[in-house]
């Protein structure tokens, strides 16, 4: 049973067996993402811009400067198409047609709602920090900072996910070829933590930063 109603926008027509409309899977794909890509039309031309994303319950949020052209267009009611994608593996088959990737993706259609209430905006912005690096503590947001940030909400209503996780799938005759085939898993992993050069003496690097598992472990 689908959690999301299937619409003309969200119906997956190419490889429909890879389509998913269940909320738990959609949420997990969004929550693992540090950025999304937002497509919209401005001045008669299509645009697509990457930006950070955070989910709170059944809504996703974007934020940035009130002078940001993408955000102001969305705030004015321009239709948006937002995508998140993770490449989980390179799939190397025995032919060019057999080479692919295993992936998880989500596409969201909708219109933005402008968040104006300060407490709501603060909750969203703190959630961005916590979802990026859980446990990181920051000072309280100033009213001037809240006023200088545009926050947009998109309810998760018109949504679909698409997943490929089958590895190598060659045509039957190719399995007899004397050629290697296989899967190379991919994962984003953090490098060595670099302390700010102006950090006060005596402040040590916290365990949550040293042990950060990377986006896939959020």
>> Given (1) modelled with pLDDT of 95 or more; (2) farther than 30 Å from residue 170 by Cβ, identify the lone condition not met by residue 89.
In response: (2)
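Taking into account only those residues within the range 98-128 that are without any contact (Cβ under 8 Å) to a residue 12 or more places away in the chain and either exposed (fewer than 14 other Cβ atoms within 10 Å of the Cβ) or out of contact with any strand residue (DSSP E or B) (no Cβ under 6 Å at 6 or more places or on another chain) (or both), which is nearest to residue 79 (Cα to Cα)?
116
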> Being at pLDDT 95 or above, crowded, with 17+ Cβ neighbours inside 10 Å and farther than 19 Å from residue 39 by Cβ, is that true of even one residue in the range 60-80?
Replying inline: no
> For the range 129-136, does any single residue satisfy the condition of being in a helix (DSSP H, G or I), in contact (Cβ under 8 Å) with a residue 12 or more places away in the chain, within 16 Å of the chain's Cα centre (by Cα) and surrounded by 14 or more Cβ atoms within 10 Å (Cβ to Cβ)?
Replying inline: yes
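The values are calculated or read from the model by the stated rules, or taken from the named source; none is laboratory data. As the structure is a prediction and not an experimental result, all values here were calculated from the model. Methodologically, a virtual Cβ is constructed for each residue, glycine included, from the backbone with ideal geometry; neighbour enumeration extends over all protein chains shown.
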